[in-house]
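The values are calculated or read from the model by the stated rules, or taken from the named source; none is laboratory data. All values derive from a computational prediction rather than experimental measurement. All Cβ positions, even for glycine, are placed from backbone atoms using ideal geometry, and neighbour counts span all protein chains on display.
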Amino acid sequence: MKFKPFEGVFRWFSEELKVIHQDSFLIPYGLDIGENDSRNTLLSEVLRGTDTGISALVSTPVSESSLRLLPSERNELLSTVCHGSQLIKEAGGGRLLAYFKDGDLAFRRLNAAHEISGKEYLIPLEEESTGTKKIIDLAPAIIDLLLSKKNCVYVIDGIDHGLHMEINYWLVRRFLENVNSNTRKQLIFTSQDTNLLRRAGLRRDEIWFVERRRNSPSQLVNAVEFKGLRIDSSLQKLYEEGRLGALPIL
């Protein structure tokens, strides 16, 4: 750690590279939390933009004693919350935010605010759809990729899990529209949504197929490696016809 040439490498891994698995339990949130400011403008914009029907997230205080955290869970939170608030997935589907207040851990439970006929109604997140909760879990990544000016590389496993294909398309297109030659951001994701092959405007060198062969490990095949494909060929059509491999062996 004292070797100067390695400082940039350590910083990249600790600050810029972020991996989100489908079963991630603790997700860095990095949003400001305060008793008098329970709504976050950027998060609300993402929720409205993805047609969740949610106008904002509203948080309410929760006592630590009611959560019955194991000592190991509390120690893990203490070591990670110092770098920003953390989103915790509850067993019933709810979401908690853990953060520091007065030198110790504090917690707030998230509720979805829905506006109907000019009135606001709070709905517990455990009653929201899987897709809506997935968007909330991905909100830090979406905000970083679309709105933040800092460098970042996000690796997201199963970005389409629980999301409507139109939302998958919206996320990828919005990211591509916000990058240019000076941008130092990257989004690497796995998906089973074949519509992205046709609609997302990805270059062929950006598309990789995962081929799992019998009695052998999975292999990555870049789309440019397929010979004889016309430039106007539909990768989605070719894939669904089985001509590009990477199909389940049933």
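With the requirement that a residue be closer than 12 Å to Phe189 by Cβ and modelled with pLDDT under 85, what does region 161-170 give you?
Result: His161, Leu163.
Going residue by residue through region 52-68, is there one that turns out to be of a type outside the set (S, T, N, Q), modelled with pLDDT of 80 or more, part of a loop (DSSP other than H, G, I, E, B) and closer than 17 Å to Lys134 by Cα?
yes
Spot the failing condition for Arg108; the list is (1) crowded, with 21+ Cβ neighbours inside 10 Å; (2) of a type outside the set (Asp, Glu); (3) touching a helix residue (DSSP H, G or I) at 6+ places or on another chain (Cβ under 9 Å), and only one is missed.
Only one criterion in (1) crowded, with 21+ Cβ neighbours inside 10 Å; (2) of a type outside the set (Asp, Glu); (3) touching a helix residue (DSSP H, G or I) at 6+ places or on another chain (Cβ under 9 Å) is unmet by Arg108, namely (3).
Among the listed residues Leu229, Leu187, Leu163, Leu197, which satisfies the condition of being part of a helix (DSSP H, G or I) and surrounded by 14 or more Cβ atoms within 10 Å (Cβ to Cβ)?
Being part of a helix (DSSP H, G or I) and surrounded by 14 or more Cβ atoms within 10 Å (Cβ to Cβ) holds for just one of Leu229, Leu187, Leu163, Leu197, which is Leu197.
Would you confirm, using the coordinates I've provided, whether Leu146 is among the hydrophobic types (A, V, I, L, M, F, W, C), more than 9 Å from the chain's Cα centre (by Cα) and closer than 12 Å to Leu57 by Cα?
In short, no.
Just one of the numbered conditions (1) surrounded by 14 or more Cβ atoms within 10 Å (Cβ to Cβ); (2) touching a residue at least 24 places away in the same chain (Cβ under 8 Å) is not true of Ala223; which one?
Here Ala223 meets the rest and fails (2).
Considering only residues that are free of Cβ contacts under 8 Å to residues at least 12 places away in the same chain and not in a strand (DSSP E or B), which ones fall in region 80-101?
Kept after step one, since they are free of Cβ contacts under 8 Å to residues at least 12 places away in the same chain, are these residues of region 80-101: 91, 101.
Of everything in region 80-101, just one residue is free of Cβ contacts under 8 Å to residues at least 12 places away in the same chain and not in a strand (DSSP E or B), namely Ala91.
Among residues belonging to region 102-131 that are polar (S, T, N, Q) and not in a loop (DSSP other than H, G, I, E, B), point out the one that is farthest from Ser65 (Cα to Cα).
Only one residue fits best here, namely Thr130.
Can you tell which of Asp144, Asp104, Asp137 is of a type in the set (Asp, Glu) and touching an Asp or Glu at 6+ places or on another chain (Cβ under 9 Å)?
Working: Asp144 fails: touching an Asp or Glu at 6+ places or on another chain (Cβ under 9 Å); Asp137 fails: touching an Asp or Glu at 6+ places or on another chain (Cβ under 9 Å).
When all the criteria are applied, what remains is Asp104.
So, Gln219, is that one in contact with a strand residue (DSSP E or B) (Cβ under 7 Å, 6 or more places away or on another chain) and not in a loop (DSSP other than H, G, I, E, B) or not?
Yes, satisfied.
Sort out which residues of region 132-158 are part of a loop (DSSP other than H, G, I, E, B), under 17 Å from Leu176 (Cβ atoms) and small (Gly, Ala, Ser), and write them in order of number.
Once the filter is applied, which keeps residues that are part of a loop (DSSP other than H, G, I, E, B), under 17 Å from Leu176 (Cβ atoms) and small (Gly, Ala, Ser), region 132-158 yields only Ser148.
Across region 111-136, what is the total count of residues that are aromatic (Phe, Trp, Tyr) and surrounded by 16 or more Cβ atoms within 10 Å (Cβ to Cβ)?
Number of matching residues: 0.
Filter region 58-80 down to the residues that are over 16 Å from Ala91 (Cα atoms) and among the basic types (Lys, Arg) and list them by number.
Arg74
Among the listed residues Gly93, Gly30, identify the single one that is in contact with a helix residue (DSSP H, G or I) (Cβ under 8 Å, 6 or more places away or on another chain), at pLDDT 75 or above and under 24 Å from Ile167 (Cα atoms).
Answer to the selection: Gly93.
Let's see how each residue does on (1) in contact with a His (Cβ under 7 Å, 6 or more places away or on another chain); (2) hydrophobic (A, V, I, L, M, F, W, C); (3) modelled with pLDDT of 85 or more; (4) over 27 Å from Ala91 (Cβ atoms):
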position	(1), (2), (3), (4)
Leu125	no, yes, yes, no
Glu128	no, no, yes, no
Leu138	no, yes, no, no
Lys149	no, no, no, yes
Val153	no, yes, yes, yes
Ile156	no, yes, yes, no
Phe175	no, yes, yes, yes
Val179	no, yes, yes, yes
Thr183	no, no, yes, yes
